[in-house]
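Please treat every number below as a calculation from the coordinates, not as lab data. Computed from a predicted structure; not experimentally measured. Heads up, the Cβs are rebuilt from the backbone with ideal geometry, glycines too, and the neighbour counts pull from every protein chain shown.
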Amino acid sequence: MYVCLCKGITDRDIQREVENGARRLKDVVNKLGLAKDCAQCVTVARDVFQSLQTTMREDMFYAAAVPETTAA
């Protein structure tokens with residue numbers, strides 16, 4: 001889905017930045033150049049970023065909650 005029509009930035013672009021270590025929306029905005037023109041993308045970008053952060057935290061929680069199996 002397009003988040004920023006001015007720059008052609010998609011939700012996958014934001015996802016890639018989060019996967020590459022962006023921990024703050026400001027990091028994503030600076031790296032991708034969001035909100036430099038009309039700034040209509042800020043709200044959607046924030047929603048996408050927060051959703052990705054939540055998903056990553058949940059994934060980490062479930063990965064940590066799964067006990068390791070050991071060979072007998």
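Structural remarks
- Peptides 19-32, 2-15 ranked from most to least packed by the mean count of surrounding Cβ atoms within 10 Å: 2-15, 19-32.
- 16 Å Cα-Cα reach of K7 towards lysines, excluding residues that sit fewer than 8 places from it in its own chain: K31, K36
- When restricted to Cα atoms, segment 9-60 yields an Rg and a Dmax of 10.5, 35 Å, respectively.
- Extension reserve of the E19-T43 stretch, reckoned as 0.36 nm per residue once the Cα distance is removed: 6.6 nm
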